[in-house]
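**Student:** Structure below; questions to follow.
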Amino acid sequence: MAADAAELVRSRVRNFVFANTEEPRHDPQLLAVIGELDAAAFAAQSLVLAAAAAQDLSFAAARSTGIDPVLESDSSLRAAQAKIVIEDFALRAAGRIFDVGGASATRGWAALDRHWRNLRTLFSHNPAAYKARALGNLRVNGEPLPLAGHF
């Protein structure tokens, strides 16, 4: 998404009438949005990799010595935490891409709406509210996370 936004800014020849610079590629506000998108992508990737590492440990243990309930629970916990946090800022970032392109960002050939649409579709599975409730119940009441494989 950040790469698409950066390409959009690089390819624009006209800037907003009230912009600080002639060229969009030198506009501090547009550059700040690209920086935010880049940071959001890094944060999302970091969270996903941390959750994936917990999944890898759980899977490796299951293959070598059998299912380890502690590792299974930890991997579910990390995946749920990542999903809850990523959802809000990823959807926000997918909307911010339009801030760098103005009306040209909405053109069909650019297909920039696919970022928001793909995220919204992905996040519709296993809604974050249920994951957040389960995490809260774990922290407050010690109630284990659901054992469902899709949690």
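The values are calculated or read from the model by the stated rules, or taken from the named source; none is laboratory data. In this text, all values refer to a predicted model and were calculated from it rather than measured experimentally. Neighbour counts are summed over all protein chains in view; Cβ atoms, including those assigned to glycine, are modelled from backbone coordinates with ideal geometry. These area figures cover heavy atoms from the full protein model, side chains too; ligands, DNA and RNA do not enter into them. Shrake-Rupley method; radii C 1.70, N 1.55, O 1.52, S 1.80 Å.
**Student:** Is one or more of the residues making up region 11-20 β-branched (Val, Ile, Thr), modelled with pLDDT under 95 and not in a helix (DSSP H, G or I)? Working first, answer last.
**Tutor:** We begin by selecting, within region 11-20, every residue β-branched (Val, Ile, Thr); these are 13, 17.
From the residues that got through so far, the ones that are modelled with pLDDT under 95 too are 13, 17.
Cutting the leftovers down to not in a helix (DSSP H, G or I) gives us 13, 17.
Yes, some residue in region 11-20 is β-branched (Val, Ile, Thr), modelled with pLDDT under 95 and not in a helix (DSSP H, G or I).
**Student:** Could you list, in sequence order, all residues of region 61-96 that are farther than 30 Å from Leu8 by Cα, surrounded by fewer than 20 Cβ atoms within 10 Å (Cβ to Cβ) and out of contact with any Leu (no Cβ under 9 Å at 6 or more places or on another chain)?
**Tutor:** Once the filter is applied, which keeps residues that are farther than 30 Å from Leu8 by Cα, surrounded by fewer than 20 Cβ atoms within 10 Å (Cβ to Cβ) and out of contact with any Leu (no Cβ under 9 Å at 6 or more places or on another chain), region 61-96 yields Arg63, Ser64, Thr65, Gly66, Ile67, Pro69, Val70.
**Student:** Another question, then. Which pairs have Cβ atoms under 6 Å, sit 6 or more apart or on different chains, and link a residue in region 126-137 that is within 14 Å of Arg78 (Cβ to Cβ) to one that is not in a helix (DSSP H, G or I)?
**Tutor:** As it stands, the answer is Ala134/Leu145, since those pairs meet every condition given.
**Student:** I'm trying to understand the selection: among the residues of region 116-134, which are open to solvent by 30 Å² or more (accessible area, probe 1.4 Å) and touching a helix residue (DSSP H, G or I) at 6+ places or on another chain (Cβ under 8 Å)? So that I can check it myself, show each step before the final result.
**Tutor:** Looking only at region 116-134, we keep the residues that are open to solvent by 30 Å² or more (accessible area, probe 1.4 Å), and these are 116-122, 124-127, 129-130, 132-133.
Hits for region 116-134 are Trp116, Leu119, Arg120, Asn126, Ala132.
**Student:** Does region 50-68 hold any residues that are part of a helix (DSSP H, G or I), over 19 Å from Lys131 (Cα atoms) and not basic (Lys, Arg), and which are they?
**Tutor:** Going through region 50-68, the residues part of a helix (DSSP H, G or I) turn out to be 50-64.
Adding the requirement that they be over 19 Å from Lys131 (Cα atoms) leaves 53, 56-64.
Correct list: Ala53, Asp56, Leu57, Ser58, Phe59, Ala60, Ala61, Ala62, Ser64.
**Student:** For region 1-47, how many residues are among the acidic types (Asp, Glu), open to solvent by 70 Å² or more (accessible area, probe 1.4 Å) and under 23 Å from Ala90 (Cβ atoms)?
**Tutor:** Let us first name the residues in region 1-47 that are among the acidic types (Asp, Glu), namely 4, 7, 22-23, 27, 36, 38.
Then keep just the ones that are open to solvent by 70 Å² or more (accessible area, probe 1.4 Å); that gives 7, 22-23, 36, 38.
If we keep only those that are under 23 Å from Ala90 (Cβ atoms) as well, we get 7, 36, 38.
Total meeting the criteria: 3.
**Student:** Would you pick out the residues in region 6-48 that are over 20 Å from the mean Cα position of the chain (by Cα) and β-branched (Val, Ile, Thr)?
**Tutor:** Result: Val9, Val13, Val17, Thr21.
**Student:** Give the residues of region 110-125 that are in contact (Cβ under 8 Å) with a residue 60 or more places away in the chain and outside any helix (DSSP H, G or I), sorted by residue number. Before you say what the answer is, go through the steps one by one.
**Tutor:** So in region 110-125, the residues in contact (Cβ under 8 Å) with a residue 60 or more places away in the chain come out as 110, 112, 115.
Passing the criteria: Ala110, Leu112.
**Student:** Which of (1) open to solvent by 50 Å² or more (accessible area, probe 1.4 Å); (2) touching a Leu at 6+ places or on another chain (Cβ under 9 Å); (3) among the charged types (D, E, K, R); (4) farther than 15 Å from Ala6 by Cα does Asp99 not meet, given it meets every other one?
**Tutor:** Only one criterion is unmet by Asp99, namely (4).
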